[in-house]
Amino acid sequence: MAAQADSNKGAFKKMKTYFRGVKAEVKKVNWPNKKELINHTAVVIALCTIVALIIWLFDTLVKGLLSFIIG
């Protein structure tokens, strides 16, 4: 039982050290301001829309081509 208690203390100490490191790294992050966040969000939405349109167009063309070949 004593060995297990020591093992748990060691694991707790390792977790504590890990989360201290995580906290230190998060403080180093260069967080965007509101204007940058809005601009980046707009770019992501625009690119997602463009990619969705390209996939839709490709799908429509392939469907038409297959309908022409099969039908």
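Once every DSSP H run of n ≥ 4 in the chain is given -39500 (n - 2.57) and the sum is divided by its residues, what mean residue ellipticity at 222 nm do you get, rounded to the nearest 500 deg cm²/dmol?
Helices in the chain give a 222 nm mean residue ellipticity of -32500 deg cm²/dmol.
Can you give the extra length, in nm with one decimal, that the chain gains between THR49 and VAL22 once fully stretched, where that is 0.36 nm per residue apart less the Cα-Cα distance?
6.2 nm
What is the spin-label model distance, in nm, from LEU61 to LYS35 if the labels are put 7 Å beyond Cα along the C-beta direction?
Placing both labels 7 Å beyond Cα along the Cβ direction yields 4.0 nm.
Per residue, what accessible area does the chain have, given a 1.4 Å probe and all protein chains present, in Å²?
Per-residue accessible area for the chain comes out at 99 Å².
Using only Cα atoms, figure out Rg for the chain and give it as a multiple of 2.2 N^0.38 Å.
2.40
Can you return the lysines within cross-link range of LYS28? Criterion is Cα-Cα under 16 Å, with same-chain partners fewer than 8 residues away left out.
Candidates past the 8-residue exclusion: nothing left.
Carbon and sulfur atoms: what percent of the 1.4 Å accessible area of the chain do they account for?
72
The values are calculated or read from the model by the stated rules, or taken from the named source; none is laboratory data. Not measured: the values here are computed from a predicted model. Here the Cβ is made from the backbone with ideal geometry for all residues, glycine too, and neighbour counts use every protein chain on show. These accessible areas exclude ligands, DNA and RNA; they are computed on the full protein's heavy atoms, side chains included. Shrake-Rupley method; radii C 1.70, N 1.55, O 1.52, S 1.80 Å.
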